[in-house]
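Student: What follows is a single structure, and I will ask about it in a moment.
Read-outs throughout are calculated quantities, based only on the coordinates presented, and are distinct from any laboratory measurement. Quantities reported herein were computed from a predicted structural model and do not represent experimental measurements. No Cβ is skipped: glycine too gets one built from the backbone with ideal geometry, and neighbour counts run over all protein chains shown.
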Amino acid sequence: MAATASPAHSPSLVTPPSKPWYKQLYFWVLTAIVCGILTGWLWPSVGVALEPVGTTFVSAIKMLITPIVFLTIVAGIGGVESLRRVGRVGLKSLLYFQAGTLAALAVGLIAVNVFQPGAGVHAHPGEIHLSGDAAQYVKDGEGQSWWHFLTDIVPSSAVGAFAEGNILQVIFFAVLFGIALKAVGHVGVPIVDGINRLSAVVFKILHYIMLAAPVGAFGAMSFTIGKYGISTLTSLGQLIGLFYGTSVFFVVVVLGSVLALLRINIFRLLRYLREEFLIVLGTSSSESVLPRLMAKLEGLGVRRDVVGLTVPTGYSFNLDGSSIYLSLAAVYIAQATDTPLGLGQQLGLLAVMILTSKGSGGITGAGFIALAATLSTVGTVPAAGIMLIFGVDKFMSECRALTNLAGNSVATLVVARWEHVLDTARVNRVLHTGTPEPAAAQPDDAHAEPALAKA
């Protein structure tokens with residue numbers, strides 16, 4: 001099938017670098033974040049009242065996530081010559097995700113053992129009383145099996161998966177749909193073409209919504225500072241500082257080393273994705289930029305089938321920031337409650353976290369649910385101890401989301417290189433100029449359209 005005339009292209013997703021700096025999205029989002037911090041700090045009641053502004057923007061983005069994930073995956077699978085490639089990309093993605101999760105958990109464990117932020121707290125587990133959302137998260141975590149992500153991947157209803165916004169279930173249905181579409185041969189060709197054209201419409205809707213990104217970031221940041229107050233940061237400042245420092249180390253050193261093997265500079269990649277990072281910082285949600293991230297990575301020349309399978313799956317299985325948080329928080333609670341943890345017990349925690357950290361991306365309170373599930377499964381650290389960090393969790397959610405975003409960006413480039421379809425020279429050229437380029441058709445992918453054209 002010949003390539004259609006760019007129906008799936010979404011040039012409006014990326015701000016052309018030729019625009020003056022004061023007209024680019026990242027400038028206005030950064031300005032909105034600063035204004036939000038000042039509003040929440042100086043007028044807390046006003047900041048709290050602005051909560052609907054931030055949540056409405058995030059909801060508008062989430063409204064489009066499942067359709068975009070479905071359309072991208074189906075179009076990617078429908079555009080490859082061999083289904084064997086789809087299985088190979090999926091397997092390689094999962095293998096890399098497992099290695100990344102293990103590395104993130106290990107870095108967190110090492111950091112919390114070296115700096116010991118919980119030493120000296122001496123909180124008595126019997127005197128810690130759970131209440132409010134924290135109590136509900138612990139209850140949900142205690143009922144969460146370590147293998148829940150395997151059983152939850154199959155939706156009870158295809159429509160229900162979209163309605164509930166369950167990305168993992170949408171991925172499962174989209175992969176089956178794409179495989180079936182390839183299996184029916186010529187009958188599926190018009191459907192693939194229609195999906196490419198429908199993608200153009202959905203991405204245009206996303207462009208309209210992204211115009212409100214500064215407003216959404218302002219509302220979300222105003223609420224966070226107004227609700228919890230900057231002074232809250234000082235009570236557990238050592239833990240928060242350690243988490244941010246460990247995450248920066250992981251991104252710059254660990255992920256940077258991985259990219260260095262590909263001859264790609266991590267700082268240039270972070271600069272290329274600066275708008276996405278600022279939106280995540282303002283909204284505390286990595287989901288708010290999932291469609292933009294996919295488009296930006298295709299703009300680097302990564303094949304559509306690789307992006308379509310790796311990025312959405314990574315949002316459930318490659319949560320580097322959440323993994324660092326889990327290991328830090330679990331051992332911090334042990335230190336704060338004077339619960340002794342030997343090396344063997346900590347390695348046992350790590351093994352359980354590899355499983356409990358999966359499949360919970362995008363769920364409200366997912367970090368606490370995964371933490372409670374881990375502590376309940378192991379049984380050596382009191383689950384009620386999560387109340388010790390509940391008050392400052394909001395200030396760590398931004399860092400979790402930012403690190404998750406960086407991890408999934410690097411993962412996609414690694415899988416593309418593993419598949420021998422990454423043009424490193426082109427990637428570096430785009431990172432240097434900041435101008436995305438339309439992907440050239442591959443020999444076995446002549447009818448797979450990229451999701452992003454040159455602006």
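Student: How do the peptides 303-309, 206-212, 337-343 rank, highest first, by the average count of neighbouring beta carbon atoms within 10 Å per residue?
Tutor: 303-309, 206-212, 337-343
Student: Something else: To the nearest 20 debye, what is the magnitude of the charge dipole of the range 37-132 about its Cα centre, counting +1 on the Cβ of each Lys and Arg and -1 on the Cβ of each Asp and Glu?
Tutor: It comes to approximately 540 debye.
Student: How far apart, in nm, are the 7 Å Cα→Cβ label points at LEU42 and GLN238?
Tutor: So the label points at LEU42 and GLN238 sit 3.5 nm apart.
Student: Peptides 49-56, 403-410: what's the order by average Cβ count within 10 Å, highest mean first?
Tutor: My ranking of the peptides, most packed first, is 403-410, 49-56.
Student: Moving on to the next point. Quick check for you: which residues of the range 49-85 have the amide N under 20 Å from the point 7 Å beyond the Cα of ILE191 toward its beta carbon?
Tutor: Taking a point 7 Å out along Cα→Cβ of ILE191, the residues of the range 49-85 whose backbone N falls under 20 Å are 66-85.
Student: For SER59 and VAL184 in the same chain, what is the full-extension length gain: residue separation times 0.36 nm, less their Cα-Cα distance, in nm?
Tutor: 41.4 nm
Student: May I ask which of LYS182/LYS204; LYS204/LYS296; LYS62/LYS204 have a Cα-Cα span longer than 18 Å here?
Tutor: From LYS182/LYS204; LYS204/LYS296; LYS62/LYS204, over 18 Å: LYS182/LYS204.
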